[in-house]
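Beneath this line is the structure, given in structure tokens, with notes to follow.
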Amino acid sequence: MTKFEALGLDQSLLDAITDLGFESPSEVQEKAIPILLENDTDLVALAQTGTGKTAAFGFPLIQKIDSKSRTTQGLILSPTRELCLQITNELKLYSKYEKGLNVVAIYGGASISEQANQIKRGAQIIVATPGRMKDMINRGMVNISKIDYCVLDEADEMLNMGFMEDIKDILSNTPDEKFTWLFSATMPREVSTIAKKFMHNPQEITVGAKNSGATTVQHEYYIVGGRDRYPALKRLADTNPDIFSVIFCRTKRDTQRVAEKLIEDGYNAGALHGDLSQNQRDLVMNSFRKKQIQMLVATDVAARGIDVDDITHVINYQLPDEIETYTHRSGRTGRAGKSGVSMVIVTRSELRKIKAIENKLQTEFLAKKIPTGMEICEIQLYHLANKIKNTEINEQVENYLPAINDVLEGIDREELIKKIVSVEFSRFHDYYNKTKDLNTTDRGERSERGERGERSEGRGRDKAEIPTSGSVRYFINVGERDDYDWMKLKDFLKDTVGLGQEDVFKVDVKESFSFFNTDVEHSEKVLSTFTEFKVDGRFVNVEVSNSPGGGGGGRGRSGGDRRGSDRGRSSSSRSGDRSRSRSADSRGGDRSRSRSSDSRGSRGDGGYGAKKSKRRY
Ligand code: ADP
Ligand code: MG
């Protein structure tokens, strides 16, 4: 007897389960299915996304429905159109050997009369979003006065989305004698209100830690200066070359801005927020599903429908106001049995929020360090080596080999490897070379020079301070691209500012920008010369740089530019890369993780029935 048979399921379902390839029930299925099959009872089930809740209610529901009757007997409410369609499709697969059983999906944004027609033909099970359901009830297009079972799926999300009133209205159109099965990842106050008001002595099951993120999610935080959020984000991405992530911002504006900057910096990124049209959002989601977008920057509201299983990282660019929201965010990763990482970028002053989340979720965060530029270079180097190793040889190159061999003649294996690796490595190396540590020190917040982005954060430019003695290092926005080498640039500066031969030193010309030094006494002259200074109609800008005197980090887009560089990666290399980069990370003094097993089952104080739930920190 298989484990599914032991749950008491009929042969037609067992056959469908075999076809689906499910080998054994998940925990929520194992707990919920026997209860629902054996008793007629109300049920509250708390389980994270990706734990198999659809089958947990779907199997018993299908078994209990009388498919010979055309009456609507089961209603499933679900928060979004996407989830609604997903559940409908799953139920159709589960019930493929159940003759005469019709499952109909009802959701906004599609023809209401077409949906009404499908119901007229007989729908024993309706899967609906609350808004459209209410609409159809009001128009008399659907009759739910005889249902036996009502499932509230993702109840917390539905209530989060403001469907409380709609749900109450809908439930008031259903018979009192029906049984209600409520499934939710978390149990905020609104959900317990619904449970109290509409359910009778529900049995309760909990999978994993109540109110906590899925146990397969590792929670990490990184302390940086407030202005370093963006460069920190870039480093986290560069440390995880195969990242497939959702990045959460608090506002639509930040969401758009961060996405734009990532795109500008060459990442495969996209924005998802409420100011986009439905059509635009669909396009973004499609690209994300196809992994053309690796970094989806989203608001909490817009991210609600995301049903993508293999998200490797959730990055909290900013922490949300409410702890429940953090649970929703981190639940986007670690789904369907895969492990995931939820990263939080915080400032020192936000640390108490981390503590609050730890308490509420009964989980522990790892304090991690933003990798240094050199660590990232190392990771990228290994990534590249692995990528080369795993690349399938395209037979078409055969034709070009004689010519290529001519070009590369006389280079031995060792040198060739060095050269190949340098092609890509140099971009990161040039960019990260000599950049500073982003982790805040006891001196409090500081900002990293030499990384693009933080200067355009809009909160006023954070000019470096001019020292009182010694020499000053400057950044200037001309470089090799503008036909300068160090001699030409030195001459140009000397002549334009009116300085002597020895006054300009440590000139370092990069591709699209350069650095140079003068003694402090000349700094005013240098800076005033280059206010509103144009050459050939183009502004030439000079700013004081915080780079260490001798060098200067890359500021241009050339380094760290990953445009197209990750195309064609194989998913098999993903897990390998992640574990490797994690072990590289762990060098950075992690707090060791100790999690006592008994703390996991305990109720957070926002637990079911608790008075206070929308917790602020
Ligand atoms: P939830 O509703 O809890 O987020 P789903 O019901 O959507 O989770 O299930 C997540 C994924 O796991 C789906 O792709 C589903 O087909 C699969 N799944 C569900 N139950 C099992 C099982 N017992 N064995 C293998 N895969 C399963
Ligand atoms: Mg679900």
Fill in: Within the stretch 5-25, considering residues that are in a loop (DSSP other than H, G, I, E, B) and closer than 17 Å to LEU61 by Cα, the one nearest to ligand 2 (Cβ to nearest atom)
PRO25
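Could you identify the single residue in ALA45, ALA32, ALA55 that is assigned to a helix (DSSP H, G or I), within 15 Å of ligand 1 (Cβ to nearest atom), under 21 Å from PHE198 (Cβ atoms) and of a type in the set (A, V, I, L, M)?
Values: ALA45 fails: assigned to a helix (DSSP H, G or I); ALA55 fails: under 21 Å from PHE198 (Cβ atoms).
Result of the check over ALA45, ALA32, ALA55: ALA32.
Just one of LYS355, LYS360 is outside any loop (DSSP other than H, G, I, E, B), free of Cβ contacts under 8 Å to residues at least 40 places away in the same chain and either in contact with a helix residue (DSSP H, G or I) (Cβ under 8 Å, 6 or more places away or on another chain) or under 30 Å from GLN48 (Cα atoms) (or both); which is it? Break it down into steps so the answer makes sense when it comes.
Numbers: LYS360 fails: free of Cβ contacts under 8 Å to residues at least 40 places away in the same chain.
Only one candidate qualifies: LYS355.
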Fill in: Criterion (out of contact with any strand residue (DSSP E or B) (no Cβ under 6 Å at 6 or more places or on another chain), away from ligand 1 (no atom under 14 Å from the Cβ) and not basic (Lys, Arg)) met by exactly one of VAL297, VAL314, VAL341, VAL301
VAL301
Worksheet item: What are the pairs, 6+ residues apart or on separate chains, where a residue within the stretch 43-66 that is within 18 Å of GLY334 (Cβ to Cβ) and within 11 Å of ligand 2 (Cβ to nearest atom) has its Cβ under 6 Å from a residue that is of a type in the set (Lys, Arg) and assigned to a helix (DSSP H, G or I)?
Response: ALA47/LYS53
Fill in: Failed item, numbered, when ASN143 is tested on (1) touching a residue at least 40 places away in the same chain (Cβ under 8 Å); (2) away from ligand 1 (no atom under 16 Å from the Cβ); (3) in contact with a Pro (Cβ under 9 Å, 6 or more places away or on another chain)
(3)
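For the stretch 70-118, which residues satisfy the criterion of being assigned to a loop (DSSP other than H, G, I, E, B), touching a residue at least 60 places away in the same chain (Cβ under 8 Å) and among the polar types (S, T, N, Q)? Show your work before the answer.
As a first pass, look at the stretch 70-118 and keep what is assigned to a loop (DSSP other than H, G, I, E, B): 70-73, 78-80, 95-102, 107-111.
Add one more test, that the residue is touching a residue at least 60 places away in the same chain (Cβ under 8 Å), and what stays is 71-73, 78-80, 95-98, 109.
Passing the criteria: THR71, THR72, GLN73, SER78, THR80, SER95.
Tell me yes or no: at least one residue of the stretch 227-236 is surrounded by fewer than 22 Cβ atoms within 10 Å (Cβ to Cβ), more than 16 Å from ligand 1 (Cβ to nearest atom) and part of a strand (DSSP E or B).
The initial filter retains those residues of the stretch 227-236 that are surrounded by fewer than 22 Cβ atoms within 10 Å (Cβ to Cβ), namely 227.
Next, only the ones that are more than 16 Å from ligand 1 (Cβ to nearest atom) stay: 227.
Applying the additional criterion that residues be part of a strand (DSSP E or B) yields none.
No, there is no match, as no residue in the stretch 227-236 is surrounded by fewer than 22 Cβ atoms within 10 Å (Cβ to Cβ), more than 16 Å from ligand 1 (Cβ to nearest atom) and part of a strand (DSSP E or B).
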Item to complete: Starting from the stretch 155-173, take each residue that is surrounded by 16 or more Cβ atoms within 10 Å (Cβ to Cβ) and list its partners that are aliphatic (A, V, I, L, M) and in a loop (DSSP other than H, G, I, E, B), counting only C-beta distances under 8 angstrom and pairs at least six apart or across chains.
Response: ASP156/ALA185; ASP156/MET187; GLU157/ALA185; MET161/VAL301; ILE170/ILE144; ASN173/ILE144
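No lab work stands behind these numbers, since they all come straight from the coordinates. Being a predicted model, the structure only gives us computed values, none of them experimental. Glycine gets a Cβ as well: all are built from the backbone with ideal geometry, and neighbour counts include every protein chain shown.
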